[in-house]
1. Taking the Cα-to-Cβ direction at PHE35 and at ASN109 and moving 7 Å from each Cα, how far apart do the two end points lie in nm?
2. Which loop trypsin sites (Lys or Arg not before Pro) in the stretch 15-108, with loop taken from DSSP, have no more than 15 other Cβ atoms within 10 angstrom of their Cβ?
3. If I stretch the segment between GLU59 and GLU74 completely, what's the gain in nm (0.36 nm per residue apart, minus their alpha carbon distance), one decimal?
4. Which of the peptides 53-59, 41-47 is most tightly packed, and how do the rest follow, judged by the mean count of other Cβ atoms within 10 Å per residue?
5. Count charges around LEU40 for me, please; just the other residues with Cβ under 14 Å from its Cβ, Lys/Arg as +1, Asp/Glu as -1.
6. Order GLU74, GLU20, most accessible first, counting only protein heavy atoms with a 1.4 angstrom probe.
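The values are calculated or read from the model by the stated rules, or taken from the named source; none is laboratory data. Every value quoted in this text rests on a predicted model; they were computed, and no experiment measured them. FYI the Cβ positions are ideal-geometry reconstructions off the backbone, even for glycines, and counts take in every protein chain you see. Note: accessible area is taken over every heavy atom of the protein model, side chains too, but ligands, DNA and RNA are not part of it. Shrake-Rupley method; radii C 1.70, N 1.55, O 1.52, S 1.80 Å.
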Amino acid sequence: MKKKRRKLLPLGVKKRTTTELPALIALEAIGKPWFCEAHLTDLMAVSMVCQVAAEPGSEVHDAALALFDLLGKEPLVVSEVEPLLMFTNDWMQRQPNGRIQDAIDRLLNPLQQTAQP
């Protein structure tokens, strides 16, 4: 049986200009008439990846949970969202690509993860 080769994120994937920009644009959009579901999704993605990648009970895991909770409330308040987003985003930038890719894979394929022995 041929082993499936895993495709990792490219080395430059965590360049701040490409990975942080959607979340920063979403942060800027909060409270503006052009804020949309895509902006909320960009913010939630940061939170969810950090929740999965971080150790449960760690400071970043707790911050990601708090961010996700805030994103479910209306109205969104920039001054509450911003520090949590910046903290989680900065943490994610410092993580190895493989760790972030594992978290993304687990989020995209939750059933596959539980079906493996």
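1. 3.6 nm
2. Details: sites: LYS15, ARG16, LYS73, ARG94, ARG99, ARG106; in loops: LYS15, LYS73, ARG94.
Answer by residue number: LYS15, LYS73, ARG94.
3. Values: separation 15, 0.36 × 15 = 5.40 nm, distance 2.47 nm.
Stretched fully, the GLU59-GLU74 segment lengthens by 2.9 nm.
4. On the way: 53-59: 13.0, 41-47: 19.6.
Peptide ranking by packing, descending: 41-47, 53-59.
5. Working: positive: LYS32, LYS73; negative: GLU28, GLU37, ASP42, ASP69, GLU74.
The answer is -3.
6. Details: GLU74 175, GLU20 10 Å².
Solvent-accessible surface, decreasing: GLU74, GLU20.
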